[in-house]
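Values quoted throughout were computed directly from the atomic coordinates according to the rules given, and no laboratory measurement underlies them. If you're wondering where the values come from, they're calculated on a predicted model, not measured in any experiment. Backbone-built Cβ (ideal geometry, glycine too); neighbour counts: all protein chains shown.
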Amino acid sequence: MMTDKRIADFLGFEINGFFSVEEESRRTGIVFAGMDEAGRGPLMGPVVAAAVIMDNSARIEGINDSKQLTEKKREYLYEIIKEKCICYGIGEVSGKRIDEIGIGDAVREAFTMAADNLSTLPDLIYNDEVKWVYGKIPNRSIIKGDAKVYSIAAASILAKVYRDRLVREYDRMYPEYGFAKHKGYGTKDHFEAIRKYGVTPLHRISFLTKNHSDLL
């Protein structure tokens with residue numbers, strides 16, 4: 001059992017390199033998970049969070065902020081991360097739920113789901129930017145964490161690929177909307193499809209009401 005002081009010291013650790021938190025974890029024996037989300041901004045579909053406890057003895061070459069990687073590279077790393085990590089958890093909150101509680105609370109709900117789905121409970125969690133309280137263990141929010149912490153970057157890849165695969169399934173359900181191409185973001189083609197075909201059960205009505213009410 002880790003003491004409160006050791007946890008507090010780890011939470012206050014100064015990040016000074018992409019692998020520095022993992023190195024501190026290996027040095028202290030404190031187990032932490034990295035966490036990130038994908039799908040905050042699209043007009044449709046769920047927001048997805050991923051939490052992952054990486055094996056500090058087996059670093060995976062090529063892991064970076066998912067936004068800096070090609071889709072092919074993300075897909076490749078997704079499988080490697082799942083294979084080599086200690087464990088991971090996914091949280092998924094639907095567009096309908098986002099309409100009910102707002103995107104901020106939906107992200108926090110997805111974070112909680114992802115943490116709850118870890119098969120091993122870490123000593124603490126490092127997450128990307130979101131202010132979130134997890135009642136079971138402490139957590140620390142890191143601004144631009146996916147660019148600063150290896151484990152958060154790994155989580156960003158898991159979340160992004162998991163959501164993209166869902167979106168490709170939605171594209172097969174609603175091929176006229178081009179979801180596979182724009183991933184639900186507000187592109188010109190997406191707006192034109194909504195004008196022509198209307199909204200689907202996947203669309204976040206609250207997002208459209210706020211900024212694009214002419215489409216409803």
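For this structure, a couple of remarks:
- Within a Gaussian network of the chain (alpha carbon springs, distance under 10 Å), most fluctuating of Gly39, Gly89, Gly62: Gly62
- If you run the Gaussian network model on the chain, springs between alpha carbon atoms under 10 Å, then out of Ile125, Ile53, Ile194 the most flexible one is Ile194.
- In the chain, taking the dipole from charged Cβ atoms about the Cα centre, the farthest positive-side position among Gly34, Gly104, Ala115 is held by Gly104.
- Evaluated with a Cβ-only charge set (Lys, Arg +1; Asp, Glu -1), segment 4-172 carries a dipole of roughly 120 debye about its Cα centre, given to the nearest 20.
- Just checking the listed ones, Ser57, Ser151, Ser25: in the Gaussian network model of the chain with Cα springs under 10 Å, the one fluctuating most is Ser57.
- Positive-end residue, the chain charge dipole about Cα centroid, Cβ charges, pick of Gly135, Phe13, Ile194: Ile194
- Residue by residue, segment 43-51 carries 3J(HN,Hα) couplings of 8, 8, x, x, 9, 10, 10, 10, 10 Hz when phi is fed to the Karplus relation 6.51 cos²θ - 1.76 cosθ + 1.60 (θ = phi - 60°); x denotes Gly or Pro.
- The chain: relative contact order as a whole-number percent, Cα under 8 Å and 6+ apart: 28 percent
- What the Cβ-Cβ distance of Glu75 and Ala147 gives, at R0 = 30 Å and to the nearest 0.05, is a FRET efficiency of 0.90.
- The count of lysine pairs in segment 4-172 that are at least 8 places apart or cross chains, and whose C-alpha atoms lie under 15 Å apart, stands at 8.
- Overall form of segment 4-172 per C-alpha gyration tensor (a/c, 1.5; a/b vs b/c): oblate
- In a simple Cβ point-charge model (Lys, Arg +1; Asp, Glu -1; nothing else charged), segment 109-216 has a dipole of about 180 debye relative to its Cα centre.
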